[in-house]
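Student: Please read through the structure below; I'll follow up with questions.
The values are calculated or read from the model by the stated rules, or taken from the named source; none is laboratory data. Computed from a predicted structure; not experimentally measured. Cβ: placed from backbone, ideal geometry, glycine included. Neighbour counts: every protein chain shown. Protein only, heavy atoms only, side chains kept; ligands, DNA and RNA dropped before computing areas. Shrake-Rupley method; radii C 1.70, N 1.55, O 1.52, S 1.80 Å.
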Amino acid sequence: MLVLFETAAGYAVFKVLDEKKLQEVDSLWREFETPEKANKIVKLKHFEKFQDTTEALAASTALVEGKLSKNLKKILKKIVAKDAHEQLAIADAKLGGVIKDKLNLSCIHSPMVTELMRGIRSQIEGLITGLPSREMAAMCLGLAHSLSRYKLKFSPDKVDTMIVQAISLLDDLDKELNNYIMRCREWYGWHFPELGKIVADNLTYCKCVRKVGDRKNFSTCDLSEVLPEEIEEDVKAAAEISMGTEVSEEDINNILHLCDQVIEISEYRTQLYDYLKNRMMAIAPNLTVMVGELVGARLIAHAGSLLNLAKHPASTVQILGAEKALFRALKTKRDTPKFGLIYHASLVGQTTAKNKGKISRMLAAKTALTIRYDALGEDSSAEMGAENRLKVETRLRHLEEKGIRRISGTGKALARADKYQHRSEVKIYDPSGDSTLPAVPKKRKIEEVEEEETEVKARKVKTEIKEEADVEEGEPVKKKKKKKEKKQRAEEEAASAEEPSTSTAVESTEKKKKKKKIKVEQED
């Protein structure tokens with residue numbers, strides 16, 4: 001049996017001397033306790049040393065990916081072809097399959113081979129002669145650094161610090177340009193105020209002022225390179241009847257110098273934008289396809305780096321840049337923001353106000369996937385970003401059509417699109433249900449009832465006292481008292497009843513009096 005062993009210094013092929021001892025896998029480590037014992041088990045047949053670190057890196061990367069390098073192919077053809085009938089012990093089963101297909105060699109990979117490799121690695125210095133330990137350690141360290149750099153795909157194009165600086169500088173340039181142009185318009189407006197209303201574009205305004213200078217030169221100067229013909233005629237006509245003040249040559253020179261600054265900064269801004277666009281396509285192509293160069297660069301700058309941005313979940317990417325509004329909403333128990341920097345993406349701008357929240361949530365989810373693919377993936381193509389953008393666009397069309405159409409029993413029919421009204425879902429607790437006490441009007445009614453009850457009780461007490469006094473005086477007095485009381489009750493009942501006319505009331509009272517008289521006579 002032959003053993004293929006890979007080291008940082010080169011390829012080594014060993015010949016197994018005693019295959020019987022390899023059968024005892026659990027006790028195989030005892031045969032490699034010392035270099036002398038190890039030499040009795042295996043013997044070095046051939047050692048192919050790497051010439052430099054580049055060759056070692058190419059060989060190791062091929063082994064990592066399970067491929068057969070040219071160097072290894074030559075070695076196997078030379079050494080193993082002589083002993084083609086013997087098996088070749090391989091540490092990687094994938095590599096063994098490739099060798100078997102290309103060179104038609106029988107390869108073996110088992111736990112026994114793993115233990116054998118471990119024993120050879122422990123006594124590698126004693127088994128490979130002519131290779132100092134210091135040189136071996138240096139080659140291991142150099143290969144480790146090179147392999148790590150290759151695995152991370154480290155390159156200057158992948159440095160996202162340049163994007164953070166470029167987008168920050170671009171924002172600063174925009175602020176400075178706005179200040180300079182505002183000052184230029186205000187300053188030259190004292191001399192030729194009509195020009196600011198005719199020429200709306202800031203850069204064109206500065207180029208026009210830079211070329212002409214004093215407004216008296218407008219009639220003789222050719223502005224066809226800067227302005228269209230119609231606007232040029234309007235400017236020349238306005239210059240002849242302008243109401244601006246006269247200024248000196250020194251003032252004009254300072255204004256022209258300011259215009260030069262504005263033109264130079266504008267040109268540098270366009271150059272910087274092109275640089276940022278190219279760098280974004282190199283570092284984060286999928287993110288650029290999803291949200292654009294400026295929004296993607298601002299997201300990276302806000303997070304600090306592309307790797308830090310990849311660690312954020314989609315919900316954080318959605319509101320990145322709106323932290324102040326988020327914490328203010330949480331503090332005041334209001335609605336939290338639905339978007340931050342991602343609001344400036346073209347897909348969110350295309351939607352209606354009703355669907356902006358849904359689209360921004362879906363766009364943030366797909367953007368988080370593309371960011372992780374750009375930061376941690378090996379492929380540098382923008383196919384994933386294009387696919388995710390297409391999904392968001394189809395979802396956007398579906399939402400827009402859903403608002404216009406509704407599904408009925410017979411089929412699809414047009415529906416009236418109602419005006420969107422934003423309604424807060426935050427519910428306010430109503431404490432009025434906590435109290436079981438009656439409200440104010442109920443209290444008043446209860447008080448009135450209590451007053452009536454007290455009056456009735458007082459009347460009863462008075463009547464009882466009067467009846468006792470009547471009993472002492474005699475029966476005739478008692479009868480008179482009863483008549484008076486009956487008359488009073490009859491009058492009260494007549495007054496409380498609502499009758500249509502006074503005549504019927506009088507008749508009813510007379511009938512009652514007659515009945516009372518008849519009752520009194522019967523009692524007598």
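Student: Filter the stretch 175-215 for residues that are without any contact (Cβ under 8 Å) to a residue 40 or more places away in the chain and over 22 Å from Thr245 (Cβ atoms) and give the result.
Tutor: Listed by number, the residues that qualify are Lys175, Asn178, Asn179, Ala200, Asp201, Thr204.
Student: Taking Ser133 and the conditions (1) more than 30 Å from Cys208 (Cβ to Cβ); (2) out of contact with any helix residue (DSSP H, G or I) (no Cβ under 6 Å at 6 or more places or on another chain); (3) loosely packed, with under 11 Cβ neighbours inside 10 Å, which numbered condition does it fall short on, given that it satisfies the others?
Tutor: Failing condition for Ser133: (2).
Student: Right, another one. In the stretch 323-336, is there at least one residue being open to solvent by less than 30 Å² (accessible area, probe 1.4 Å), under 23 Å from Ala375 (Cα atoms) and out of contact with any strand residue (DSSP E or B) (no Cβ under 8 Å at 6 or more places or on another chain)?
Tutor: Looking for residues that are open to solvent by less than 30 Å² (accessible area, probe 1.4 Å), under 23 Å from Ala375 (Cα atoms) and out of contact with any strand residue (DSSP E or B) (no Cβ under 8 Å at 6 or more places or on another chain), one finds none in the stretch 323-336, hence no.
Student: Filter the stretch 259-285 down to the residues that are in contact (Cβ under 8 Å) with a residue 40 or more places away in the chain and among the basic types (Lys, Arg) and list them by number.
Tutor: Restricting attention to the stretch 259-285, the residues satisfying the condition of being in contact (Cβ under 8 Å) with a residue 40 or more places away in the chain are 259-263, 265-266, 268-269, 272-273, 275-276, 279-285.
Residues satisfying the conditions are Arg269, Arg279.
Student: I'm trying to understand the selection: among the residues of the stretch 1-24, which are open to solvent by 80 Å² or more (accessible area, probe 1.4 Å) and touching a strand residue (DSSP E or B) at 6+ places or on another chain (Cβ under 8 Å)?
Tutor: Leu17
Student: Can you tell me which residues in the stretch 280-304 are open to solvent by 30 Å² or more (accessible area, probe 1.4 Å) and either outside any helix (DSSP H, G or I) or out of contact with any helix residue (DSSP H, G or I) (no Cβ under 6 Å at 6 or more places or on another chain) (or both)?
Tutor: We begin by selecting, within the stretch 280-304, every residue open to solvent by 30 Å² or more (accessible area, probe 1.4 Å); these are 281-282, 289, 293-294, 298, 301-302, 304.
Within the stretch 280-304, Leu294, His302, Gly304 qualify.
Every residue, every condition in (1) over 18 Å from Ile124 (Cα atoms); (2) touching a Gly at 6+ places or on another chain (Cβ under 7 Å); (3) open to solvent by 40 Å² or more (accessible area, probe 1.4 Å), yes or no:
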site	(1), (2), (3)
Asp26	yes, no, yes
Lys37	no, no, yes
Ile41	no, no, no
Lys45	no, no, yes
Thr53	yes, yes, yes
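Student: Now a separate question. Residues that are of a type in the set (S, T, N, Q): list the helices (runs of 4 or more DSSP H) wholly contained in the stretch 60-151 that include at least 1 such residues.
Tutor: Qualifying helices (runs of 4 or more DSSP H): 70-75, 111-122.
Student: When you go through Leu95, Leu57 one by one, which is the residue that is in contact (Cβ under 8 Å) with a residue 60 or more places away in the chain and over 17 Å from Ile128 (Cα atoms)? Explain how you work it out, then say what you get.
Tutor: On the way: Leu95 fails: in contact (Cβ under 8 Å) with a residue 60 or more places away in the chain.
Among Leu95, Leu57, only Leu57 is in contact (Cβ under 8 Å) with a residue 60 or more places away in the chain and over 17 Å from Ile128 (Cα atoms).
Student: I'm told His312 meets every condition in (1) within 30 Å of Ile428 (Cα to Cα); (2) in contact (Cβ under 8 Å) with a residue 24 or more places away in the chain; (3) not in a helix (DSSP H, G or I) except one. Can you identify the failing condition by its number?
Tutor: Checking His312 against (1) within 30 Å of Ile428 (Cα to Cα); (2) in contact (Cβ under 8 Å) with a residue 24 or more places away in the chain; (3) not in a helix (DSSP H, G or I), the one that fails is (1).
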